[in-house]
Amino acid sequence: MKTVNHWIGGKTVEGASGNYGPVTDPATGEVTTRVALASPEEVDAAVAAAKDAYATWGTSSLSTRTAILFRYRALLDAHRDELAALITAEHGKVHSDALGEVARGLEIVELACGITTQLKGELSTQVSNRVDVSAIRQSLGVVAGITPFNFPAMVPMWMFPLAVACGNTFVLKPSEKDPSTANLLAELAAEAGLPDGVLNVLHGDKVAVDGLLNHPDVAAVSFVGSTPIARYIHTTASANGKRVQALGGAKNHMLVLPDADLDAAADAAVSAAYGSAGERCMAISAVVAVGSVGDELVAKIKERAEKIKIGPGNDPASEMGPLITAAHRDKVASYVTGAAAQGADVILDGTGYTVEGFENGHWIGLSLLDNVSTGSDAYQDEIFGPVLCVLRVDTYEEGVALMNASPFGNGTAIFTRDGGAARRFQLEIQAGMVGVNVPIPVPVGYHSFGGWKDSLFGDHHIYGNDGVHFYTRGKVVTTRWPDPADAPAGVDLGFPRNH
């Protein structure tokens with residue numbers, strides 16, 4: 001059986017704790033790999049390697065860093081299929097979706113390649129007589145990233161390329177459910193010339209997470225995952241004096257007005273709800289239908305959903321793959337089996353679905369629930385699976401009020417032909433990312449990704465300008481140089497004059 005070990009100090013380091021976790025092929029249910037789970041001592045070793053590397057990397061030139069990042073980008077591009085195959089093998093998503101994940105991660109590597117302009121400072125000359133003031137940004141030191149199972153390539157690439165471009169060194173703790181992709185990312189970075197210890201991959205469970213959150217040499221922590229864990233990460237790391245960006249869960253809504261193009265809205269709802277088997281924090285999980293539009297919209301969604309082909313991710317004909325684990329599959333199914341008792345109409349029931357020849361895989365079909373109440377479990381919880389809830393409201397105002405009452409505020413969308421309604425929506429809705437006739441409004445790399453309310457803990461969104469600011473801190477320098485013609489001025493105990 002394959003073993004995934006740590007990557008520390010530029011080389012593979014075998015696990016020393018004696019503890020291993022299983023890695024399963026979601027399409028077959030077979031355990032194909034085991035992953036080393038770090039002990040506190042191994043956490044210390046990874047952080048120490050990063051700290052040693054920071055002594056030189058932190059003072060390296062911008063041209064040195066960008067040259068490595070350009071080579072890294074080329075290597076990632078050349079290994080797209082290999083990365084995608086690893087994602088499919090351990091996560092289960094179809095190959096085309098995995099390729100899309102790699103492409104979105106590459107956007108941030110490309111952003112990092114332009115760090116020379118991102119780190120330009122400011123200068124004000126002659127603020128007082130022969131006094132200049134400059135503002136610069138400097139790296140933090142050792143930073144850590146804790147990433148989820150649903151995007152084993154993209155989310156790490158949302159973090160470490162910008163972090164190392166800014167002069168930090170990085171310890172990545174990926175999900176133990178699909179760990180192999182992270183190691184390949186690190187190996188390619190080393191091949192590109194990234195010095196030993198600048199990027200380290202530490203595999204593990206809560207022991208590794210707590211070790212990083214409490215380690216005195218870790219200056220900042222980035223996290224993407226569920227809201228309860230995001231809250232824990234933020235509370236614990238902040239209590240230890242660390243800078244934290246912790247992105248939590250979501251319950252993303254799509255508001256459909258009566259004037260919307262219903263075919264486009266139905267296409268968007270199916271793609272956004274069921275893509276990647278619903279295992280993404282930007283999935284649309286609740287459609288809010290306004291007025292008389294609901295019946296026709298539900299019929300169109302059902303018609304499209306019934307045609308989606310479910311199968312192994314490495315089958316080119318498959319449009320949706322399995323869920324990550326059997327336990328998660330069963331949890332997702334429980335929301336569907338309990339929906340009718342809580343007042344919903346079960347239009348499509350995907351529970352009990354299997355794929356011929358892969359009966360032991362973690363399969364579930366597409367589920368569609370109509371007339372869902374806001375008090376039901378299917379609406380209240382982040383299901384993280386292929387379950388779409390439809391809620392009915394009479395007016396735009398009622399729909400916005402319903403959406404704003406959600407504790408989550410990650411992504412949202414409106415479908416309409418009315419520019420005035422769309423403009424009003426983008427100002428009134430309480431969410432960090434808004435789509436207008438775009439169901440999954442993930443920003444491009446040079447803008448920042450992040451939500452509001454229980455979808456984000458900390459002050460910084462991820463990547464874009466917020467990412468650069470998170471991985472650096474500002475410093476202001478006030479300078480006066482004596483002119484050779486000046487006579488000695490003597491001692492002046494007064495407050496420095498600006499006029």
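Scanning the stretch 38-59 for residues that are crowded, with 21+ Cβ neighbours inside 10 Å and in a loop (DSSP other than H, G, I, E, B) yields a total of 1. Each residue in the stretch 115-128 was checked for being touching a residue at least 24 places away in the same chain (Cβ under 8 Å), of a type outside the set (Val, Ile, Thr) and not in a strand (DSSP E or B), and 2 pass. Scanning the stretch 174-187 for residues that are closer than 12 Å to ASN200 by Cα, open to solvent by less than 10 Å² (accessible area, probe 1.4 Å) and of a type outside the set (Gly, Ala, Ser) turns up PRO174, LEU185. Of the candidates VAL143, VAL171, the single residue that is part of a strand (DSSP E or B), among the aliphatic types (A, V, I, L, M), over 20 Å from HIS469 (Cβ atoms) and open to solvent by less than 10 Å² (accessible area, probe 1.4 Å) is VAL171. Within the stretch 435-457, take every residue that is assigned to a loop (DSSP other than H, G, I, E, B) and free of Cβ contacts under 8 Å to residues at least 24 places away in the same chain and give me the one that is farthest from the chain's Cα centre (by Cα). Filtering first and then ranking leaves HIS447.
Considering the stretch 403-434, and only residues there that are touching a residue at least 40 places away in the same chain (Cβ under 8 Å) and more than 16 Å from TRP452 (Cβ to Cβ), the residue that is surrounded by the most Cβ atoms within 10 Å (Cβ to Cβ) turns out to be ILE414. Restricted to the stretch 225-262, and to residues there that are small (Gly, Ala, Ser) and more than 19 Å from LEU140 (Cα to Cα), the residue that is surrounded by the fewest Cβ atoms within 10 Å (Cβ to Cβ) is SER226.
Mind listing whichever residues of the stretch 375-389 are over 28 Å from GLY313 (Cα atoms) and touching a strand residue (DSSP E or B) at 6+ places or on another chain (Cβ under 7 Å)? Residue satisfying the conditions is TYR379 alone. For PHE384, indicate whether it is open to solvent by 10 Å² or more (accessible area, probe 1.4 Å) and either more than 21 Å from the chain's Cα centre (by Cα) or closer than 24 Å to HIS461 by Cα (or both). Yes. Just so you know, in the stretch 458-484 the residues that are part of a strand (DSSP E or B) and open to solvent by less than 30 Å² (accessible area, probe 1.4 Å) include one that is nearest to VAL224 (Cα to Cα), and it is ILE462.
The values are calculated or read from the model by the stated rules, or taken from the named source; none is laboratory data. For clarity, every value in this text was computed on a predicted model and none was experimentally measured. Backbone-built Cβ (ideal geometry, glycine too); neighbour counts: all protein chains shown. Note: accessible area is taken over every heavy atom of the protein model, side chains too, but ligands, DNA and RNA are not part of it. Shrake-Rupley method; radii C 1.70, N 1.55, O 1.52, S 1.80 Å.
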